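Okay, so here's the structure we're looking at.
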Amino acid sequence: MTVQIFMGDSDTFEQQQQSIRRSTTDCLDIKAQKTMQAERWLIVGAGGFGREVYSWTLGHLHSTAADFPVQFLDDNPECLDRFPELRSMWLERISTYSPRPGDRLLMAIADPGAKLTAGATLISRGATFASYIHPTAVLAHDFKIGIGCIICPLSVICCNVRIGDFVSMNVGALAGHDSVVHDGCTLSPHSNVAGQVDLERGVFLGCQTVILPKIRIGEFARIGAGSTVISHVRPHTTMMGVPAKRVSWSKNQDAADHKAA
Ligand SMILES: CC(C)(COP(=O)(O)OP(=O)(O)OC[C@H]1O[C@@H](n2cnc3c(N)ncnc32)[C@H](O)[C@@H]1OP(=O)(O)O)[C@@H](O)C(=O)NCCC(=O)NCCS
């Protein structure tokens, strides 16, 4: 599998490129480059996060064959109506899109469940996702990252962090040393994940959350903005506050617990 990763045009580009290659040879063949080339670049999702991804990648995505350097896929064509300068960039619905060989996709849906579903559907149709790392992100020498990830400006990825597929780290988010961020997780702006944390598949962290060291957050759990999590979190729960308390628990989890009892 080849992943295109944009690493920026900084002084340390060559260094970063070497690090990425060395750290990922056992799972991915990564081709890091200063600009990313494709026949068409398509941003999946044209909501708030999609428009942010468009902004962060401006000047970094180069299209060889399309009239537009970048276009959006979104099931809601009206989502860009309030932004006349972007309206013409809507290409088509995710549900009807058929990948062309030269297409490269960036995943820009923030909701973990929706992005995992869209990612799986598009890959099953043959789509190819790239991962994007903004040049101002601070990167340790030995992290790993999958496909379809967006690492926004000023994010920090510390030593020995493992990041799965379709993970987004918004502006200023931090993944602490030895942490694992599984597929589909969304880290909102300035969320702060301490060392040795395990974020299971599909976890959503609101803005400015803090997760203390060695905590495990169960799959598809949601942590409210500004919360501080000090103990393990069960799957499919919503936690809020300082320290975070459980405020809701999905019916699925009730059913699973009932069965286990
Ligand atoms: C955790 C979250 C996803 C839950 O959303 P939800 O299930 O729709 O919950 P609601 O917004 O209906 O709020 C439910 C209750 O919790 C309260 N609440 C919501 N978010 C809260 C928070 N972060 N901390 C404390 N209380 C909160 C609400 O006031 C409401 O209280 P009430 O029942 O007394 O009226 C959402 O509250 C949240 O924090 N989202 C993060 C947003 C964010 O950071 N986005 C990133 C954008 S880049």
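Each reported figure results from applying straightforward, stated rules to the coordinates on display, with no laboratory input. Quantities reported herein were computed from a predicted structural model and do not represent experimental measurements. Glycine also receives a Cβ, built like all others from the backbone with ideal geometry; neighbour counts cover every protein chain displayed.
Summary table below
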item: Pairwise label distance in nanometres, Asp142 with Asp75, each label 7 Å out on the Cα-Cβ vector; result: 4.2
item: Net charge of neighbours whose Cβ lies under 15 Å from the Cβ of Pro99, counting Lys and Arg as +1 and Asp and Glu as -1; result: +2
item: Violating pairs (Cα-Cα greater than 22 angstrom) within the set Lys144/Lys245; Lys115/Lys144; Lys214/Lys245; result: Lys144/Lys245
item: Most positive-pole-ward Cα, Cys159, Leu212, Cys149, against dipole of segment 132-253 from beta carbon charges; result: Leu212
item: Cut-off 12 Å between beta-carbons: net charge of the residues surrounding Thr238, Lys and Arg +1, Asp and Glu -1; result: +4
item: Segment 132-253 - percent relative contact order, Cα under 8 Å, separation 6 or more; result: 14
item: Charge dipole magnitude, Cβ of K and R +1, D and E -1 - segment 182-235, Cα centre, debye nearest 20; result: 120
item: Positive-end residue of Val138, Leu116, Thr96, charge dipole of segment 88-152 with Cβ unit charges; result: Thr96
item: Highest-first arrangement of 184-192, 127-135, 47-55, where packing means the average Cβ count within 10 Å; result: 184-192, 127-135, 47-55
